[in-house]
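The values are calculated or read from the model by the stated rules, or taken from the named source; none is laboratory data. Since the model is a prediction, treat every value here as computed from it, not as a measurement. Here Cβ is always computed from backbone atoms with ideal geometry, including for glycine, and neighbour counts include all displayed protein chains. For accessibility, only protein heavy atoms count, side chains too; no ligands or nucleic acids. Shrake-Rupley method; radii C 1.70, N 1.55, O 1.52, S 1.80 Å.
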Amino acid sequence: MIQAQAIAFARTAPAPLLPTCLGLIGLGMVWRKAAAYLAAPYWLGEAAVIGSLAVFAAVATLYLSSTLSQPGALRADVRAKAGRSAVPAGSEALMLSGAALLPLAPGVAPFVWTAGIFLHVFLMTLVFRELRAMGPAEWAPTGFLVVPFVGLIVAPIGGGPLGEQALGAPGIAAALFWWSLLLYLALLPAAAWRLATQPTEPRLRPGAYVLLAPPSVAVIGYDKLDPEGGLTVGLFALSLVILAVLARHRRWLMGDGFAPTWGCFTFPSAAFAGACLTMAARNPDLLWRGVAAAATLGATAITTYVALRMLAAWRAGRIVTL
């Protein structure tokens with residue numbers, strides 16, 4: 001039995017691992033930025049980035065291999081409520097990998113970023129097609145719909161010169177940003193209303209935490225597009241409000257205990273920490289540095305804890321796509 005579990009662990013990687021990989025890459029980039037604004041050791045950020053990229057490369061390779069060997073596996077994953085978020089988290093992680101690689105491998109980074117963009121568009125189209133086939137009931141707005149349809153909001157993090165190098169189209173990162181942000185602002189009220197008025201299965205409640213990621217990422221992305229822009233402050237305020245509501249309902253979010261959907265807690269936490277660091281860069285005083293440091297440590301604790309729980313569940317063969 002133990003040997004069979006070990007073989008399965010070595011050969012397959014279920015889709016719910018992909019959001020955790022996304023969170024680990026995001027956390028690595030947070031620590032890289034902390035070296036500039038919080039006087040964190042430079043090597044710590046680089047080690048976190050390299051380690052997270054290695055983990056993602058291993059998980060993505062195993063997931064791709066197992067999916068290609070099982071006809072219909074990808075379709076089954078994106079038809080699942082949490083799977084429609086978990087699989088596109090992989091393409092988001094690929095986009096973020098391009099941004100993370102830029103200082104390390106500037107010749108490779110644009111191609112990785114571009115591959116992430118096209119893969120995400122493909123997965124978004126696949127999710128859309130499957131949802132149409134499943135009927136209107138599956139279109140209920142939730143945090144799990146945010147990732148496939150709003151995930152391109154991460155593009156400006158690797159955009160600017162990188163994005164325009166990659167695609168040869170000026171403004172492509174900005175166009176993806178605005179399209180994704182407007183779609184998120186349209187989905188947010190409906191998703192919040194549904195969460196407030198309808199019961200949510202405990203194992204699927206962590207999906208609500210995903211709603212924190214887009215405005216937090218938008219703080220970072222918009223600051224890259226327009227470093228002096230006032231919208232950054234408004235987006236950060238929105239992130240704070242969402243975080244406050246989620247924190248108030250933290251026991252509800254955790255449901256009945258650990259579930260594969262806990263990966264949803266990782267990237268939004270890292271994204272919010274990144275947003276705090278962006279604000280600290282714009283306002284270099286002690287208060288903002290303290291806020292950024294607290295957010296960075298909080299994201300580190302959450303992401304590390306969830307990653308270890310996911311690793312243990314993976315080894316035990318207890319991760320399934322919900």
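The candidate values were [x] 6, 23, 34, 25, 10, 2, 0; [y] 6, 28, 37, 22, 5, 0; [z] 5, 23, 26, 20, 15, 8, 2, 0; the one computed from these coordinates for P(r) over Cα pairs in 10 Å bins from 0, in percent carries the label [y].
Keeping all protein chains in the complex and leaving out DNA, RNA and ligands, what accessible area do you get for Trp288 with a 1.4 Å probe, in Å² to the nearest 10? Counting only protein heavy atoms, the figure is 60 Å². Here is how the number arises for the chain: DSSP H runs of 4 or more residues each give -39500 (n - 2.57), the sum is divided by the residue count, and the result at 222 nm is -24000 deg cm²/dmol.
The spacing between the stretch 265-308 and the stretch 38-89, judged by their C-alpha centroids, is 21 Å. Surface listing: Met95, Met254, Met29 arranged by accessible area from highest to lowest gives Met254, Met29, Met95, probe 1.4 Å.
When only Cα pairs below 8 angstrom with a gap of at least 6 residues are kept, the stretch 63-203 shows a relative contact order of 24 percent.
Using a probe of 1.4 Å on the protein chains alone, the accessible area found for Leu74 is around 50 Å².
Let me check I've understood the local charge: for Ala280, count other residues with C-beta under 12 angstrom from its C-beta, Lys and Arg +1, Asp and Glu -1. What total comes out? Value of the local net charge: +1.
Could you work out what % of the accessible surface of the stretch 206-261 is carbon and sulfur, using a 1.4 angstrom probe and leaving DNA, RNA and ligands out of the count? Carbon plus sulfur share of accessible area: 60 percent.
To put it simply, the accessible area of the stretch 1-119 at a 1.4 Å probe is 73 percent carbon and sulfur.
Each of Thr67, Thr304 has its accessible area taken with a 1.4 Å probe; listed largest first, they run Thr304, Thr67.
Distance from the alpha carbon centroid of the stretch 184-255 to that of the stretch 109-151 works out to 18 angstrom.
Rolling a 1.4 Å probe over the protein heavy atoms gives the chain an accessible area of 44 Å² per residue.
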